[in-house]
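The values are calculated or read from the model by the stated rules, or taken from the named source; none is laboratory data. Bear in mind the structure is a predicted one, so any value in this text is a computation, not a measurement. Note that each Cβ is placed from the backbone with ideal geometry, even for glycine, and that neighbours are counted across all protein chains shown.
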Amino acid sequence: MTLIIGDQAPNFELVNQFGETVSLADFKGEKPVVLVFYPLSFSGICTGELCEIRDNFAKFESENVELLAISVDSKFVQKQFAEHEGYKFSVLADFWPHGAVAKDYGVFIEEAGIANRATFVINTDGVLVAKFITAPGQARSLGEYDRALASL
């Protein structure tokens with residue numbers, strides 16, 4: 001499934017690093033959401049990207065955006081990863097069924113069993129207003145987030 005700008009974002013329920021259930025529907029009508037899919041916790045590029053977001057988190061807060069990072073790792077791995085790196089945003093486990101949310105968003109790499117690096121910006125109506133996806137092995141730039149947030 002390939003999502004295009006203007007599509008309704010698929011709803012999901014996943015657990016975060018604290019074991020709390022987080023649903024995309026929780027934010028509908030309340031605040032925009034930025035979904036940040038990444039392959040694996042504790043890997044080089046992924047850690048670098050999320051630490052850059054952590055260090056520039058004020059730009060997301062100033063836009064009143066809910067940032068949700070998602071990988072196929074378990075909630076136990078996500079807890080250790082978030083604590084180790086000091087993330088103040090939810091890190092969600094798309095662990096079981098394995099990669100189901102990444103599949104719904106069209107970014108699951110079947111042969112590797114992981115999500116690609118992909119970002120989706122969803123407005124308060126639950127509509128996809130921006131997205132960017134990188135080739136495997138390539139990091140996203142912070143500037144891409146600035147351009148995506150401008151679409152809100």
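Put simply, of Asp125, Asp73 the only residue that is charged (D, E, K, R), at pLDDT 95 or above and within 21 Å of Asp26 (Cα to Cα) is Asp125. When the stretch 59-99 is filtered for residues that are without any contact (Cβ under 8 Å) to a residue 40 or more places away in the chain, outside any loop (DSSP other than H, G, I, E, B) and crowded, with 18+ Cβ neighbours inside 10 Å, the ones remaining, listed by number, are Glu66, Leu67, Ala69, Val77. How many residues are loosely packed, with under 15 Cβ neighbours inside 10 Å and more than 27 Å from Gly29 (Cα to Cα) if we restrict to the stretch 46-58? Count: 3. Looking across the stretch 91-111, the residues that are over 11 Å from Phe12 (Cβ atoms) and in contact with a Leu (Cβ under 7 Å, 6 or more places away or on another chain) come down to Ala93, Gly106.
List, please: which pairs have Cβ atoms under 9 Å, are six or more places apart or on different chains, and start with a residue in the stretch 18-34 that is among the small types (Gly, Ala, Ser) and end with one that is assigned to a loop (DSSP other than H, G, I, E, B)? These pairs meet every condition: Ser23/Asn11; Ser23/Phe12; Ala25/Asn11; Ala25/Phe12; Ala25/Gly126; Gly29/Thr124; Gly29/Asp125; Gly29/Gly126. When the stretch 1-45 is filtered for residues that are surrounded by 17 or more Cβ atoms within 10 Å (Cβ to Cβ) and among the aliphatic types (A, V, I, L, M), the ones remaining, listed by number, are Leu3, Ala9, Leu14, Val15, Val22, Leu24, Val33, Val34, Leu35, Val36, Leu40, Ile45.
Those strands (runs of 3 or more DSSP E) of the stretch 1-53 in which at least 3 residues are farther than 19 Å from Asn116 by Cα, considering only elements entirely within it, cover 21-23.
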